[in-house]
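Okay, structure first, notes after.
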Amino acid sequence: MNLLTNKVCIVTGAAQGIGKQIANQMALDGAEVYACDLQTFTTDDAHIHPISLDITNSQAVKEVFLSIYKETGHIDCLVNNAGIVYNRRIGMIMREETERMFQVNVIAPLELVQFCSRLMARNGGGSIINIASVTAVLGSPGQVAYSATKGAIIAMTKSAAKELAQSGIRVNAVAPGIIQTERFAELYESDGEKIENRIQRIALGRLGSPEDVANACSFLASDKASYISGQILGVDGCASI
Ligand SMILES: NC(=O)c1ccc[n+]([C@@H]2O[C@H](COP(=O)([O-])OP(=O)(O)OC[C@H]3O[C@@H](n4cnc5c(N)ncnc54)[C@H](O)[C@@H]3O)[C@@H](O)[C@H]2O)c1
C-alpha cells in the first residue's frame, strides 16, 4: 500500500514548479490528484486531473470543489501552493502589486480553506498544507511585501489548525528555502550575486529541489502525520540569513 492510497488531493498552482512536482509525487504515492492552475496544461498521468482555475475567483473555486466532491465522494488533502511574487525593495513597492500578492497568496488560500474544510468535515477530516516561505521566518531584503503575505499564511495555518482540529482536519505549512524552479532562474538572472551569497548560508550546502518540498507534502498529507498539526515545516537545508 502506498503512502496516499485512496486519497483525493487538490493541489493549486500545479502547472509548473513546486506545485507540478507535488502533484506528480502525490500521484506516485497513490492519490487521485486534482491539479488546478490559471494556465491550462496537460499530463500523461491518468491519476492527475488538470483543472483550469483562478483561485481568486471564489465562485469558480466553489463550483470546482463541489464537482470534485460529487465525483469522488471525499476530499482528503488540499495543498495551497499557488503563489505570486514581486521582488521589490521598500522604496519601490507598488500598492497594486502588494494587493495582488495578498489576493493570491493570502485571501484566496483562506477562502479555499473555508470551502474545503466544509467538505472534508463531511467525511471526518483531512489534511490542509499551505506553502509558506523561509522568508516569512528569516526575513529577506527585497521581499518585504511578499514575506508579509507568507507570514500571514503561517499565522493563518496556526489558527486554522486550532479551529479545525475538532473536525478532524490537520493544518500545516511547509516553508521552502530557495528551490530550483522556473522562478529561481528568473531570480538568479535579476540578482545572481545575492543568490550566491544566500546559497553559502545554507548549512546543507545546496539549493532545494521541488522533490524536497513534494516529499514533505506527501508525508503531511498521509496518515503517518496523523498527530501533526499547526506546524511550520522548514524545507530549507537549514538556511540562515
Ligand atoms: N521557488 C522558490 O524558491 C520558493 C521558495 C519559497 C516559497 N515558494 C512558494 O512555493 C509556491 C510555488 O512556487 P513556484 O516557485 O513553484 O512558483 P511558480 O511561479 O513557478 O508557480 C506558481 C504557479 O501558480 C500558478 N498561479 C498563480 N496565480 C494563480 C491563480 N490566481 N490561480 C491559480 N493558479 C495560479 C501559476 O500559473 C504557476 O503555475 C508559491 O506559493 C511560492 O511563493 C517558492
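The values are calculated or read from the model by the stated rules, or taken from the named source; none is laboratory data. Source: prediction; values computed, not measured. Here Cβ is always computed from backbone atoms with ideal geometry, including for glycine, and neighbour counts include all displayed protein chains. To get the accessible areas, we keep the full protein, side chains included, count just its heavy atoms, and leave off ligands, DNA and RNA. Shrake-Rupley method; radii C 1.70, N 1.55, O 1.52, S 1.80 Å.
Odds and ends about this structure:
- The trypsin sites (Lys or Arg not before Pro) of the stretch 172-241 meeting both criteria, a DSSP state outside H, G, I, E and B (loop) and at most 16 other C-beta atoms within 10 angstrom of the site's C-beta, are ARG201, ARG206.
- Amide H to amide H, with H built 1.01 Å from N, GLY126 comes under 5 Å of ILE169, ARG170, counting only residues 5 or more places away or on other chains.
- Percent carbon-and-sulfur accessible area, the stretch 35-124, ignoring ligands, DNA and RNA, probe 1.4 Å: 51 percent
- Between ARG95 and LEU204, full extension at 0.36 nm per residue minus the direct alpha carbon distance yields a gain of 35.6 nm.
- DSSP bridge pairs, the chain: antiparallel proportion in percent, nearest 5: 5 percent
- Three principal axis extents of the chain based on alpha-carbon atoms, in descending order, are 50, 38, 37 Å.
- Amide hydrogen neighbours beyond the local backbone of ALA175, cut-off 5 Å, H modeled: ALA132, LEU233, GLY234, VAL235
- Reported value for the stretch 60-106: 77 Å³ per residue, from the convex hull of its C-alpha atoms.
- Taking the inverse of the mean 1/r over every pair of distinct Cα atoms in the stretch 43-84 gives a Kirkwood hydrodynamic radius of 11.8 Å.
- Loop trypsin sites (Lys or Arg not before Pro), the stretch 83-118 (other Cβ atoms within 10 Å of the site Cβ: 14 or fewer; DSSP): ARG89
- For the stretch 142-223, accessible area per residue (1.4 Å probe, heavy atoms of protein chains only), Å²: 47 Å²
- Whole-number D in µm²/s for the stretch 1-125 (Stokes-Einstein; Kirkwood sum over Cα pairs; 10 °C, 1.306 mPa s): 105 µm²/s
- Cα lying deepest toward the dipole's positive end in the stretch 8-235, options ASN81, ALA165, GLY124, charges on Cβ: ALA165
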